[in-house]
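The values are calculated or read from the model by the stated rules, or taken from the named source; none is laboratory data. Predicted, not measured: the structure shown is a model, and the values here were computed from it. Cβ: placed from backbone, ideal geometry, glycine included. Neighbour counts: every protein chain shown. All accessible areas refer to the heavy atoms of the entire protein, side chains included, with ligands and DNA or RNA removed. Shrake-Rupley method; radii C 1.70, N 1.55, O 1.52, S 1.80 Å.
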Protein chains: 4
Amino acid sequence: MHDDDVVPADLDFAATEKGAAKVKKILTGEGLFCEFIAPRLWEHPKTIDGGYTANNPAERKYAIERSKRAVDIAAIMGCRDIVLWLAREGTYIREAKDPAASVGRIVDAVNALLHHDPNIRILGEMKPNEPMGQAYLPTVVHFMGLAYRTADPDRVGVLIESAHSILAGLDPSDDMAYALWHGKLWSVHLNDQNGLKYDQDKVFGSVDLRRAFNTIWVLERGDYDGCIGLDVKAMRCTKAADQTQHLANSRALFLDMLALVRSVDQAKVEGFRAARDYEGLEMYILKMLLGR
Amino acid sequence: MHDDDVVPADLDFAATEKGAAKVKKILTGEGLFCEFIAPRLWEHPKTIDGGYTANNPAERKYAIERSKRAVDIAAIMGCRDIVLWLAREGTYIREAKDPAASVGRIVDAVNALLHHDPNIRILGEMKPNEPMGQAYLPTVVHFMGLAYRTADPDRVGVLIESAHSILAGLDPSDDMAYALWHGKLWSVHLNDQNGLKYDQDKVFGSVDLRRAFNTIWVLERGDYDGCIGLDVKAMRCTKAADQTQHLANSRALFLDMLALVRSVDQAKVEGFRAARDYEGLEMYILKMLLGR
Amino acid sequence: MHDDDVVPADLDFAATEKGAAKVKKILTGEGLFCEFIAPRLWEHPKTIDGGYTANNPAERKYAIERSKRAVDIAAIMGCRDIVLWLAREGTYIREAKDPAASVGRIVDAVNALLHHDPNIRILGEMKPNEPMGQAYLPTVVHFMGLAYRTADPDRVGVLIESAHSILAGLDPSDDMAYALWHGKLWSVHLNDQNGLKYDQDKVFGSVDLRRAFNTIWVLERGDYDGCIGLDVKAMRCTKAADQTQHLANSRALFLDMLALVRSVDQAKVEGFRAARDYEGLEMYILKMLLGR
Amino acid sequence: MHDDDVVPADLDFAATEKGAAKVKKILTGEGLFCEFIAPRLWEHPKTIDGGYTANNPAERKYAIERSKRAVDIAAIMGCRDIVLWLAREGTYIREAKDPAASVGRIVDAVNALLHHDPNIRILGEMKPNEPMGQAYLPTVVHFMGLAYRTADPDRVGVLIESAHSILAGLDPSDDMAYALWHGKLWSVHLNDQNGLKYDQDKVFGSVDLRRAFNTIWVLERGDYDGCIGLDVKAMRCTKAADQTQHLANSRALFLDMLALVRSVDQAKVEGFRAARDYEGLEMYILKMLLGR
């Protein structure tokens, strides 16, 4: 949940606490839990030039204070994770901000949150552009590189969304493997994207089944134990009555891929690899996908 | 076959005729036929600045004369079609040639070939770049638009290669449907490509099964009756003994897709369309692909 | 102007005529004229699945009737041109419509308008995606190819917008040269775009000065005599008081480029070309751009 | 220099030492020095499946031994830096290797070199693809993230090449600013690239002057004090006599950009930033570029 999904932004601590406790109770009553809180630093007038990287010091301060309040909300909601989707931390023209100073300011903000609450973890979720022309941290890999320079690297990791990797020209399964190697893959959003264009949030697996298969294979082999979110949108022409079908479809495809991944004959795969017979391996995988 | 796959370039007519007749005989003896002849206008020193669009008039003349000779070879080989892959008809910097004049020069060249032999057909095969920085006719759609301005539009069409469409940011199935509507899809090369990068010529269907399915579906519904070529390359790390496996794999995947396409319940598809239930349609297609 | 910028959509003819005449009078009073009318076929509920290519016959009919009404508005406003930006003529998934039939339906719609008014010209404005996942006519080149198959090819041409060409992976100057060669470049929208991502509508020339220079050079050499529009958007972080600055900047850069283009020493350019000295030519152009 | 530019690969230590000392003497005699040694791990038959990430343990061993020998050559040549361009550390199909294990193997190799010579520094140079379909470390940012997990992070940094950043969909100036912030930008290769396609190595600044300006501005503000290389290629159509012109042009454009950068009125820039007047700032920069 975004911070202002729980309680309106900019309430004082007492009102925030009361509101958050109320939402927590509703969730618990439904058998649900809140995975993370994400401060929404891209709609408030004070974040129009970015949050942590705004040129105006008062706006940078607002962004950090609001993020600390999001940490408080997380604590009240009983969740450990803060997700930073740094939507406006970038520019429309390269000259608008100092890029090296901006990187430093993002690290300072992360440190401020790490200090604010010794139990919280910070997860970066990155996208190369939109709404900004160009983000300062266009990939989760940028965020992971910074993690090691924060005050507590063990509490800084990432949330990877398939479509964001694709928009960055990267392969989601490779991104996830890289993050798993670092021990920093703490949340995953599955969806799909048809090439380099506007952000589409399509049904998981709907564009490229093999890429979806490899994504789940990497998660399964890497013993990923975090949450799986389905960050998908209905097509713009979908009828009102069908507005949740894309969620059901994404879940069905996820389960299909999981079943396939668990049926892989790993010895066979290693045989193809040892023989450097990648054409053979390719057909083994494609036939499995096609159910042949 | 390229013209110089049949006989060395720049032989006189008598030697060309003799050599081509010999190759024709070999093919016939094997039960094979030659689908088309393509003048190789990108390796000879006189084509270094392009063939038909070279700035040097002597080089433009060479390109046209050599293309006429390719038409002669086609006639001797008993084949009707000339394929123009205009590999060097473009520039590395936009200022190097006049772009409107270059378009006109390509039309002039096509006309020269149409006049040279009243039976021949001309098929454009287009790629947006590589070896050139930017081609003048980056897509088959550019060539089709010119067809109507040639001396005999009915004898000018296209060869579509899946990966070339993908490299141009287009969908091969849409390109083929557009060409079929024009009655100008006369040859098809199937392969695959993983995004915008160097030209990969991967196994057909190996990157995106759904795109491969839609390609064959369009060909089948459009009653395509030309040849199907598999323009694929082995991976660079493939062992010598496996150097034809990618061809067998492409053929197998083509047949798989054809079988799937022929099993589509078209009434069901029309039902989803009439109900504007594209999420339902999507799952119908994906389940079919997955063999579920 | 869009049709519903002039009068609300779906009025009867009498009310439409009265409203349009009123707007015409205002424009004339200000010394302005309306270049074209564009039917807005992407916001009305009946166009949610596309206009001319909707699967529902009633919706296709609505789109054509509304377009005819736009033609009537143009006539009343004293303007000759109809611009078709076919925003929703595509799909989110390839299986949703028949692509070849869709091409035919667009041609039918163009013919209906050509028949409705013998004086009107139809200009296609194309974009590869957004709001759709994939458009049926992703480039103006697709539209030009269809022009020759309409009832009156001489009245069918294109409007080219720089950023749309860039989004399609094409060079705007090459697109314009191609259209000028066809005699079909009837309107131009200048702006800029930083790579393959969401549609940005940046200040003309702000991303790539050399591309802007070549665009104007092609227009100038090709004796382009249509209107030049500046289809640009302010940055999302621009202050309210500066909301027209991007227009002034685009105009200033256009005039800068025009002055540069008119100062080109064409004999020098031809000298470099004749010598195949493209490195020399490149530096000549770059030094000119840099004002050295 | 590549290791085998100095002495043929696979000589024994004595022969290597003798050959390298000879080359060192020639360079010194010409007043030159060798900036770095790069083991060429992509042409030898034993590196066909990658060097450090090959599936065959004997091939991985070869790659590490050869890299150690490159370190020896560097020591003899009196240079401190080893550049790792990991050309084949990736795959053509995702299933061919284990991606997380591959990341670990690259770190192991870096550690082996750090241990082999306590004075050497390791610089990663990254490219997203070509010759591989997809690299495991597609950007320098991936390498920087690993640096912190090596045995001696202070001796692990990067070489950034403009065109490689562009091929990865990133901005070279942002990449350099990110690396400067980390204190890890130790070498720079300048060139240019026209979009997402094959690797072009064009003249620095020839595609996008503003991007070139920003690149030099970042280097200058960040007090970059390493070498600047010009990794450019002549156009394929360049005459034999002009085969060094692209180098002279790149150097001239670099010096032009440096002069412009040094003439920036930083107070003016800060004024625009403080006022959030980015349209004003944009025009200030563009007019400077145009020499107005």
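Using a/c under 1.5 as the rounded threshold, could you call the range C:12-51 rounded, prolate or oblate? The axes a ≥ b ≥ c are square roots of the C-alpha gyration tensor eigenvalues, and prolate needs a/b larger than b/c, oblate otherwise.
Note, shape of the range C:12-51 comes out oblate.
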Subject >> 3J(HN,Hα) from dihedral phi, the range B:150-167, Karplus parametrisation 6.51/-1.76/1.60, rounded to Hz, x for glycine, proline >> reply: 8, 5, 8, x, 5, 9, 10, x, 9, 10, 9, 10, 3, 5, 5, 4, 5, 4
Original post:
Along the range B:226-236, what does the Karplus equation 6.51 cos²θ - 1.76 cosθ + 1.60 (θ = phi - 60°) give for ³J(HN,Hα), rounded to whole Hz, x for Gly and Pro?
Top reply: x, 6, 10, x, 10, 9, 10, 10, 5, 4, 5
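Under the rule a/c < 1.5 gives rounded, and otherwise a/b versus b/c splits prolate from oblate, where does the range D:247-292 land using the Cα gyration tensor? Please report the intermediate quantities before stating the final value.
On the way: a/c = 3.43, a/b = 2.45, b/c = 1.40.
The shape class here is prolate.
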Original post:
Rolling a 1.4 angstrom probe over the protein heavy atoms, how many square angstrom per residue are accessible across the protein assembly as shown?
Top reply: 35 Å²
Original post:
Per residue in the range B:188-207, which ones lose no less than 30 Å² of accessible surface when going from chain alone to all protein chains (1.4 Å probe)?
Top reply: B:LEU196, B:LYS197, B:TYR198, B:LYS202, B:SER206, B:VAL207
**OP:** Return a whole-number percent for the relative contact order of the range B:1-105, with Cα pairs under 8 Å and 6 or more residues apart as the contact set.
**Re:** 31 percent
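Using a 1.4 Å probe on the protein chains only, how many percent of the accessible area of the range D:37-175 belongs to carbon and sulfur? Walk me through the numbers before you get to the answer.
Working: 1770 of 3680 Å².
Here carbon and sulfur together make up 48 percent of the probe-accessible area.
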**OP:** Looking at chain A, send over the antiparallel percent of its DSSP beta bridges, to the nearest 5.
**Re:** 15 percent
Original post:
With heavy atoms of protein chains only and a 1.4 Å probe, what residues of the range B:251-277 have at least 50 Å² less accessible area in the full set of chains than alone?
Top reply: B:ASP256, B:ARG273, B:ARG276
**OP:** Report, for A:PRO57, each distance to the same residue's label point in the other copies, shortest first and in nm; define the point 7 Å along Cα→Cβ.
**Re:** 6.1, 7.1, 7.2
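Out of the DSSP beta bridges found with both residues in the range A:1-144, what percent are antiparallel (nearest 5)? All intermediate terms of the calculation are to be shown ahead of the outcome.
On the way: 2 of 11 bridges.
Here the antiparallel bridges make up roughly 20 percent for the range A:1-144.
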**OP:** Order B:LYS18, A:LYS24, B:LYS97, most accessible first, counting only protein heavy atoms with a 1.4 angstrom probe.
**Re:** B:LYS18, A:LYS24, B:LYS97
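Can you compute the equivalent ellipsoid semi-axes for the range A:159-292, i.e. the square root of 5 times each eigenvalue of the Cα gyration tensor, sorted largest first and rounded to whole Å? Don't skip to the answer; put the middle values down first.
Values: eigenvalues 141, 61, 39 Å².
Listed largest to smallest, the semi-axes of the range A:159-292 are 27, 18, 14 Å.
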**OP:** Would you kindly calculate the mean projected area, averaged across all directions, of the convex hull enclosing the Cα atoms of the range C:191-239, in square nanometres?
**Re:** 4.2 nm²
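Contact order normalised by length for the range D:194-254, with contacts defined as Cα pairs under 8 Å and 6 or more residues apart; what percent is it?
Value for the range D:194-254: 46 percent.
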Subject >> Table column - 3J(HN,Hα) (Hz), the range C:8-14, Karplus curve with 6.51, -1.76, 1.60, x for Gly and Pro >> reply: x, 5, 6, 6, 6, 4, 4
Original post:
Taking H as built 1.01 Å from N, whose amide H comes closer than 5 Å to the amide H of B:GLU125, not counting residues under 5 places away?
Top reply: B:LEU84, B:TRP85, B:LEU86, B:LEU159
Original post:
Say each of C:LYS239 and B:GLU43 gets a label point 7 Å from the Cα, pointing the same way as Cα to Cβ; how far apart are those two points in nm?
Top reply: 6.5 nm
Original post:
For the range A:237-286, with only Lys/Arg (+1) and Asp/Glu (-1) charged at the beta-carbon, what is the dipole magnitude about the Cα centre, in debye rounded to 20?
Top reply: 180 debye
**OP:** Could you state how much accessible area C:TYR148 has, in square angstrom rounded to the nearest 10, with a 1.4 Å probe and all protein chains kept in place?
**Re:** 50 Å²
Original post:
Rounded if a/c is under 1.5, else prolate if a/b beats b/c, else oblate: with a ≥ b ≥ c from the C-alpha gyration tensor eigenvalues square-rooted, which is the range D:4-75?
Top reply: prolate
Original post:
How big a patch of accessible area, both sides summed and in Å² to the nearest 100, lies buried between D and A at a 1.4 Å probe?
Top reply: 4200 Å²
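Treating the beta-carbon of each Lys and Arg as +1 and of each Asp and Glu as -1, no other charges, what is the dipole magnitude of the protein assembly as shown about its Cα centre, to the nearest 20 debye? Let's see the in-between values first.
Working: 144 positive and 168 negative charges, 0 e Å.
Around 0 debye, computed over the protein assembly as shown.
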Original post:
How many nanometers, to one decimal and shortest first, lie between the label point of C:LYS287 and those of its other copies, if labels sit 7 Å from Cα toward Cβ?
Top reply: 2.6, 6.5, 7.0
Subject >> Descending principal axes extents, the range B:110-207, alpha-carbon based, whole Å >> reply: 41, 28, 18
**OP:** Along Cα→Cβ, 7 Å out, is where each label goes; now give me the distance between the ones at B:LYS268 and D:GLU65 in nm to one decimal.
**Re:** 5.9 nm
Original post:
Between the range A:1-75 and the range A:215-241, how many Å separate their Cα centres?
Top reply: 25 Å
**OP:** Quote the Stokes-Einstein diffusion coefficient, in whole µm² s⁻¹, for chain A, based on the Kirkwood radius over alpha carbon pairs, a temperature of 37 °C and a viscosity of 0.692 mPa s.
**Re:** 161 µm²/s
**OP:** Divide, for the protein assembly as shown, the radius of gyration over alpha carbons by 2.2 N^0.38 Å, where N is the residue count.
**Re:** 0.93
Original post:
Nearest 0.05, what FRET efficiency do C:ASP10 and A:GLU220 give at R0 = 51 Å with Cβ-Cβ as r?
Top reply: 0.40
Subject >> Length-normalised contact order of the range D:38-100 in % [C-alpha pairs under 8 Å, at least 6 apart] >> reply: 40 percent
